[in-house]
Every structure is written in C-alpha cells, then in structure tokens.
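A.B. asks: The structure is given below, and queries will be raised subsequently.
The values are calculated or read from the model by the stated rules, or taken from the named source; none is laboratory data. Remember, it's a predicted structure, so these values are computed and weren't measured experimentally. Glycine gets a Cβ as well: all are built from the backbone with ideal geometry, and neighbour counts include every protein chain shown.
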Amino acid sequence: MRKHQSTDKTHFDLQFNVAQLLKDGVGSFRHYDLTVESIGTLDAESDMISPMSGPVKLVCTGRTIFVTGTLKATVEKSCGRCLAPFNAEVVIELEEEFFPSIDIHSGHHLPNEADVDEINLIDEQHILNLHEVVRQEFVLSGEIFRYCKADCLGLCPVCGRDRNTDPCDCQKQNIDSRWTNLLTLSNN
C-alpha cells in the first residue's frame, strides 16, 4: 500500500530530509509550497528582486526521488542593446531525479551511478538539496530575456546615446572605404 502525504506548508529552504519518504516506498510523495528569498549569485546581468516561489512535489520511485515543480521570480536585468535595467518574470520547470548515497534500510553506502551529476545526489544524512539545480535552471531560463523590448534600438555606436529615448543625428553607417565597391554592387 502506498502512503501519500501532502504537506501544504510553506517551505523557505531548498533542502529536504527525505529519509521518511524513502522508507514509505514507491509512489509516496510530499508537496511543498516554496518561498525562497535568494538563491545566491545568478549572473553578472541579473538580480532577483522578488522571492522565488511555487509548488514542488517530491515522489519516491523506490530507488530515487523524482522532483517536479514550477518556480517563479522577478529579476532585474540589463538590456543587451541599450544597457537600461528592466524587470522580467522568470519561470522554471523542475523535473529532476535525485539518487541516495546511503541505503535507507541498511545504512550502507550505495555505489555511485556513473552518469549522475553530484548535484543530484542525496547526502549521507538523507538531505535532498535543490539549491544548485534551481540556481542553474534559473540562470538558464533568464537567458531568454536579453533585451528590454523586442524592438529596442540600442545605443548609437558613434555617440553612445540611447536611441530609444534620445535619437541622434550621427551618420547611420560608417563604411570602411575598402568596402565601398562591394556596396555599389548591392545597390544595383
């Protein structure tokens, strides 16, 4: 018989003791509503400005713990064209499998799986740590927001003005004189 337990409490950390979940066996699960203030350094162009939050489900597969969930947060980024700060909501979908390093019943060390990343190991105290998985997913998901808006005009390469707010009178193209003959071919 499978034991199901739903935990509708808010969890402020990304570490979970899964000893009892592993003992409960195949199909047992826990639900958590996460609220995390910070996950550390994201990248040079991003700062998290709202707590990351969302539901997470941990399911015992018998041999592993499978984690699913959707986490959201707002980040402040710098536009890749005009360098202006802007806010973007980042949403990550978690689907990760975590492997125990200690057998829950015997206490013996389990052999390391050859293709399992270290961040997907449950430690010797049966703590499943989502921190690095979430941080990496968050950084990768935030990469889709590179510009403050799709039609951002960026900075003028000649005078450096933000062409979205302050149009300039600089020559539109400074063409290297070695390329002028090629340009006349494309105009014909």
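Residues checked against (1) at pLDDT below 95; (2) within 15 Å of the chain's Cα centre (by Cα); (3) surrounded by 11 or more Cβ atoms within 10 Å (Cβ to Cβ):
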site: MET1; (1), (2), (3): yes, no, no
site: SER6; (1), (2), (3): yes, no, no
site: GLN15; (1), (2), (3): yes, no, yes
site: LEU22; (1), (2), (3): yes, no, yes
site: HIS31; (1), (2), (3): no, no, yes
site: GLU45; (1), (2), (3): yes, yes, yes
site: LYS57; (1), (2), (3): no, no, yes
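A.B. asks: Oh, and also: Taking the condition of being part of a loop (DSSP other than H, G, I, E, B) and of a type in the set (Val, Ile, Thr), how many residues in the range 104-151 meet it?
C.D. replies: 3
A.B. asks: Among the residues of the range 62-93, what is the count of those that are more than 14 Å from the chain's Cα centre (by Cα) and surrounded by fewer than 14 Cβ atoms within 10 Å (Cβ to Cβ)?
C.D. replies: Summing the residues that are more than 14 Å from the chain's Cα centre (by Cα) and surrounded by fewer than 14 Cβ atoms within 10 Å (Cβ to Cβ) in the range 62-93 gives 6.
One line per residue, one yes/no per condition, for (1) more than 20 Å from VAL36 (Cβ to Cβ); (2) of a type in the set (S, T, N, Q); (3) free of Cβ contacts under 8 Å to residues at least 40 places away in the same chain:
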{"position": "PRO100", "(1), (2), (3)": "yes, no, no"}
{"position": "HIS105", "(1), (2), (3)": "yes, no, no"}
{"position": "LEU110", "(1), (2), (3)": "yes, no, yes"}
{"position": "GLU124", "(1), (2), (3)": "yes, no, yes"}
{"position": "LEU130", "(1), (2), (3)": "no, no, no"}
{"position": "TYR147", "(1), (2), (3)": "yes, no, no"}
{"position": "ASP151", "(1), (2), (3)": "yes, no, yes"}
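A.B. asks: Within the range 67-102, restricting attention to residues that are in contact with a helix residue (DSSP H, G or I) (Cβ under 9 Å, 6 or more places away or on another chain) and of a type in the set (D, E, K, R), which residue is farthest from ARG161 (Cα to Cα)?
C.D. replies: GLU97
A.B. asks: Sort out which residues of the range 86-103 are assigned to a strand (DSSP E or B) and small (Gly, Ala, Ser), and write them in order of number.
C.D. replies: ALA88
A.B. asks: Tell me whether the range 80-95 contains one or more residues that are in contact with a strand residue (DSSP E or B) (Cβ under 8 Å, 6 or more places away or on another chain), hydrophobic (A, V, I, L, M, F, W, C) and over 30 Å from CYS152 (Cα atoms).
C.D. replies: Yes: the range 80-95 contains one or more residues that are in contact with a strand residue (DSSP E or B) (Cβ under 8 Å, 6 or more places away or on another chain), hydrophobic (A, V, I, L, M, F, W, C) and over 30 Å from CYS152 (Cα atoms).
A.B. asks: Do you know which of the residues in the range 47-78 that are assigned to a loop (DSSP other than H, G, I, E, B) and touching a strand residue (DSSP E or B) at 6+ places or on another chain (Cβ under 6 Å) is farthest from LEU21 (Cα to Cα)?
C.D. replies: Checking each candidate, the answer is ILE49.
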